[in-house]
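Chemist: Submitted below is the structure of interest, expressed as structure tokens.
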Amino acid sequence: MRSSFGANLTSLLRSKNFTKSQGQMLLSSKTRNFNLQQLSITYRREIYCKMHDKTLLYQITETSKFMMSFVLVTKSDNVIVIDGGRREDMPLLKEYVGNRHIAAWILTHPHGDHISGFISEFNRNRLADFDIEKLYYNFPPYNELKGRTDVPDAKYFDRELEDTLPEFLKIESELSDMAHIVTQGESVEIDECRIDFIYAYHDGLFSNLMNDASLVFSITTPNKKVLFLGDLGPEGGDVLYEESRHLLKADIVQMAHHGHMNVGMEVYAAIMPEACMWCCADWLYNEPEIPSYLENRKKLRDMQRERMYGTTVTRKWMDILGVKTHYVTKDGTNVIEL
């Protein structure tokens, strides 16, 4: 159980009331109530960045089996949320958002491990725990795709279409005041951050429907550029590379689809990152080149789901590219200075 000291510190750090003098006090090793050793490395980094007007990116660890959730805090203490995870992940997300204004909440694609938490919060209390200005997304057109038969595997296609998207569509009309459907090539500026949407849903990518509908976007700050690939798979990665390889170079990359069954190495070679962000629990980060659920290669080829491998393959690619820094959610929530 967290101590009252830890709870109070968390509340202070993630509020708009934090001051530099409070930061000086917290970083002092000779304060009245505690010393520096009581502060985790994460807390110390948060304090330092808040004192020195740094942009902070939290890569939030999973409470559920696997998910994706990021919280970016600008120098003006506004927030950009990316996905958020499942219902079980919402309490931790709220800790990192605190009472801050969410200038942008980006939903990459309609899979449960990415957006079911958002949906659950709407159904619970109409998002009353969040102060959201804009919701950014671009999901496949359900009504146009329902019943479509010119697809590689109709059963898989229908299952994907029914996974999470219908639950979102039930609430979409009530989100109209904040909702913004993104177009590829669009840009948004929030404080010192510029968001460039590089890739959005492409009709015809049906073998990996929802993953290949992921929004791909970069967030550029005065010091760093971070690229988010969502859950993009091999075929979507091909289109991204063909259309936009000249836009992909970045300092930090969120590994597509949790690092497995994802875009090809040519995409990562175009990015040439210094650091990688893996949304992976331990079991996922350490899975073999061909895990058991990918052993039937003929079936995958019949479904036009080629070039799908386990996380170990992608990790080897990053070794070849010389990446030395890896942020992995299995190790806990990461705090990254941008």
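Derivation of every value follows stated rules applied to the coordinates shown; laboratory data play no part. Keep in mind it's a predicted model, so treat the numbers as computed, not measured. Note: ideal-geometry Cβ built from the backbone for every residue, glycine included; neighbour counts use all protein chains shown.
Chemist: So how many residues does region 223-253 have that are within 16 Å of the chain's Cα centre (by Cα), crowded, with 23+ Cβ neighbours inside 10 Å and free of Cβ contacts under 8 Å to residues at least 60 places away in the same chain?
Modeler: Qualifying residue count for the region: 4.
Chemist: Now for a separate question. Go through region 151-185 and count every residue that is aromatic (Phe, Trp, Tyr) and more than 22 Å from the chain's Cα centre (by Cα).
Modeler: 2
Chemist: Specify the residue that is farthest from the chain's Cα centre (by Cα); the eligible residues are those in region 62-93 that are part of a loop (DSSP other than H, G, I, E, B) and of a type in the set (Val, Ile, Thr).
Modeler: Within region 62-93, the match that is farthest from the chain's Cα centre (by Cα) is Thr74.
Chemist: Scan region 92-119 for residues that are among the basic types (Lys, Arg) and in contact (Cβ under 8 Å) with a residue 60 or more places away in the chain and jot them down. Lay out the reasoning, then the answer.
Modeler: Within region 92-119, the first condition is being among the basic types (Lys, Arg), and the residues that meet it are 94, 100.
Arg100 - this is the single residue of region 92-119 that is among the basic types (Lys, Arg) and in contact (Cβ under 8 Å) with a residue 60 or more places away in the chain.
Chemist: For the structure I just gave you, tell me whether Tyr136 is in a strand (DSSP E or B), under 30 Å from Asp203 (Cβ atoms) and not β-branched (Val, Ile, Thr).
Modeler: In short, yes.
Chemist: Another one. Looking at the structure I just gave you, is Glu295 over 26 Å from Gly185 (Cβ atoms) and free of Cβ contacts under 8 Å to residues at least 12 places away in the same chain? It would help to see each step written out before you state the result.
Modeler: Numbers: over 26 Å from Gly185 (Cβ atoms): yes; free of Cβ contacts under 8 Å to residues at least 12 places away in the same chain: yes.
Taking the combined requirement at face value, the residue satisfies it.
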